[in-house]
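These notes concern the structure reproduced below.
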Amino acid sequence: MLNTHSVKRTLLASALAAIAFPSIAQQLVLEEVIVTATKRAATIQEISGTVNVVTGEDLEKYNSLAFGDIEEQTAGLSLLSPNARNSTIAMRGISLDPEAGASGVVSVFWNDQVIRTDVAFSQLYDMERIEVLRGPQGTLQGRTSPGGAINLITRGADVLESSGYVEATVGDNDGLNTQAAWGGAIVDGVFGVRIAAVYDENNSTDVDNITTGLDDPKSEATSARLSAKWQVTDELAASFVYQYFDREIEDPKAMNGTDSLGERPTLNPQDTTALGKTNDYGNLEYDLYNLQVDWAIGDLDFISISGWTDSDKLSGTQNDRANYVPDTRSLTDQSANTLVEAFSQEFRLSSLDNEFWDWMVGAFYLDQQTDTSFLANTAVFGGISFYSFGVIPVDRTEWALFTHNTFYLTDNVSLEAGLRYTDYDSFRRADVFFGDLNYVPDFLLPALPAIEAGIAETFPIEGVSDEFEQTLEDAVTGSLTLRYEWTDNTTVYGAYNRGYRPSGTSINPTPNVAFLPNGEGDLIHDEETSDSLEIGFKGRYMDGRGTLNGALYYQDFDGYLGFVRGVQVIDDNGAPQDISGGLIYNGDASIWGIELEGQYLLTENWIAGGAFSYTKGEWDDGAQAPCNEREPGEILGSCDIGGDSLGGEPELTVSLNSEFFVSFSSTEWYIRGLYKYTDERENTTASAGIGNTRATFEDTQVINVYTGLRSSDFTWDISLWAKNLLDSDEVNFEQGPDSYDIDASGGSYTQSNIQAARTIGVTARYNF
């Protein structure tokens, strides 16, 4: 994305230069964006790897108010919150169901501090930039994620200058976003602060639940941030950031499916009517603390980053998808409360301005404690419902030592080498207990003791034994890159990177292992390793007016982590039993892809840019997945998935943007557009029931347009915008079907997320 403010400054400089140097009057140059993706300040063009940046100005231009909005400004990145409970991030065609419970494919950082994915999906305000790093991050990042990493960098305090803004956005979906910030020096040149806050409420889609009476998913969020900087000396500085966030979500789902009894209509996925008593709800509250110390010691630079996270998430769902049980007490009602406390510490020591060898050594430590308690009211045949409760403690400790080195072999050839050793220690367990009966129809009351005894007989469902509760393992990852400056404007590189995800246990919650053919062994998944090869180029052309970067990559996985929900096994009585939460499994796989990104300053008042991503992933021959296709006598089947697509993510995505503006005496009129194309993709969240086929989500095209008037000095800006201008209503998430025996349950219904409806709004901003 192009920084309009930077362009204006460049144009002004060009105009002044024209007075003194008429020969360069026509030069237009794109300003380079400085990033810290390699833990050193560098431009995107100087980094040997694929890095995308969404600047704070980009967020303002395209009215990006939440984390998920940045997906429209990048290609090959998927950000999705399918419900109030979970969020997921996918990159380069690699994804994982958020309910799997395994390590994610993309790590997220907040000011270089590791944070959970659910914390990342919050409001965006007063941001400096967002850096998107693609491919395995096995050296410098605090997680060895195979897909990439995202670093959210907030605007910090300034010890010299004062600045701030107020902004208000109103949309026709009853949406309201107000935010403001101010920062400046308290002691000039020594101590400064910055405060920022946001309030946001919106209804994102148009869903009418005719049973519950709920309509339009509602979200209300409040956040505030305090930043401070102390410039102790010219060589020593300390920065502190604290952020508070609180959000409540009410999210009724659209339902679609069939009714075998003929009592209810069949719905298409795009029907925004929920037949069943279905509603997701959630509340997330967290505190983030970040302390960074930067100390220049002679020719060395020492950095310490300390991070604390304290979060409390309440989430749940009320569900009778087919609306078959008439009594509201028979709802399947599940709620969970997750408490997370995390501390991370990183130390880095690096050289400064060496002619031949730039080096960095560091250490990283993470201690994260997660405690989840849940309560479920489960409806069974005949309208009977009962309570169960459980606890899921997950403790994880991780420490690492790493180094990264750059050797300048010649004037135009450099070699980068990195190595990281990581030690993992994790504990996971889940226990489920029977509470009591909630509701029994009157005609079954005589059999109450037998009913209660029959249900209680299956409890408790205990977690895995001690030998499977704890994972102790280590991994060595790293990177090797050769960079060649082909010309003054073009650089080519070749890179190798290794990724890793640790082993673990499928517990969300743990099913009764007595129903599994290999007992607890079927819950255990091995570690995943991957090796990635990437060749790419980066160039500035047309005397700095345009940039074009590209990469071709191939990634080979040993033990790729897959996940399947809805698996059933057959008990000793021949009855089907659900595997609660699904199963994680390993299989070899590979993926390759192409990425292109560029921007061009066509004229002094017309800017265009775009990004292209194509990825293709397949399971290797011999890969197997748990499924319900069983041979006679088997209780759990295994399906051959060799050659099948990894699925879950689109193969092709395209993002285009353009802005045109006309200057008057003291104002500017502008019009800008944003286009995102997403190819069709498989629904990997579907259940694995017998005869169930995974649906394919159709391709989507989203067009956002913006027009407005601003002052020439960018003091004020008023814009009118329309998001999803064509009002596309494609399904982007679907879960189910909820039933394997349609005749017995009365229907097979799924819950769907639909592309947010067209929204028209106005944004006003004042900078000071």
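Convert each backbone phi in segment 452-459 into a coupling constant with the Karplus relation 6.51 cos²θ - 1.76 cosθ + 1.60 (shift: θ = phi - 60°), then list the ³J(HN,Hα) values in order as whole Hz, x for Gly and Pro.
Along segment 452-459, the couplings run 5, 5, x, 6, 5, 4, 7, 10 Hz.
When a/c reaches 1.5 or more, the comparison of a/b and b/c decides; with that in mind, is segment 338-459 rounded, prolate or oblate per its Cα gyration tensor?
Working: a/c = 5.90, a/b = 4.48, b/c = 1.32.
Verdict is prolate for segment 338-459.
Could you tell me the distance between the Cα centroids of segment 438-498 and segment 608-684, to the nearest Å?
Between the Cα centre of segment 438-498 and that of segment 608-684, the gap is 22 Å.
With label points built 7 Å along Cα→Cβ from the Cα atoms of E730 and S306, find their separation and express it in nm.
With each label point 7 Å from Cα toward Cβ, the separation is 4.8 nm.
Karplus couplings for segment 408-425 from phi (6.51 cos²θ - 1.76 cosθ + 1.60, θ = phi - 60°), rounded to Hz, Gly and Pro as x?
For segment 408-425, the Karplus curve yields 8, 5, 9, 5, 10, 10, 9, 10, 10, 9, x, 8, 9, 10, 10, 10, 10, 9 Hz.
Quick one: which residues, 5+ away or cross-chain, put their amide H under 5 Å from the amide H of G138? H built at 1.01 Å from N.
R498
What FRET efficiency do you get for F343 and A42 if R0 is 25 Å and r is their Cβ-Cβ distance, rounded to the nearest 0.05?
Working: r = 29 Å, r/R0 = 1.17.
Efficiency, rounded to the nearest 0.05: 0.30.
Show the residues, 5+ positions off or on another chain, whose built amide H is closer than 5 Å to the amide H of G708.
Y670, L720
List the residues of segment 388-419 whose backbone N lies under 16 Å from a point placed 7 Å from the Cα of V361 along the Cα-to-Cβ direction.
The answer is 400-406, 418-419, whose backbone nitrogens lie closer than 16 Å to the label point.
In sequence order, what are the phi-derived ³J(HN,Hα) couplings for segment 619-631 according to the Karplus relation 6.51 cos²θ - 1.76 cosθ + 1.60 with θ = phi - 60°, rounded to whole Hz, with x for glycine and proline?
These are the phi-based 3J(HN,Hα) values: 6, 6, 4, x, 5, 10, 9, x, 7, 9, 7, 10, 7 Hz.
Name the long-range amide H neighbours of T667: under 5 Å, sequence gap of 5 or more, or other chain; modelled H, no Pro or chain starts.
When sequence neighbours closer than 5 places are left aside, the close amide H contacts are S712.
Readers should treat all values here as calculations from the given coordinates under stated rules, not as data from a laboratory. Source: prediction; values computed, not measured. Note that each Cβ is placed from the backbone with ideal geometry, even for glycine, and that neighbours are counted across all protein chains shown.
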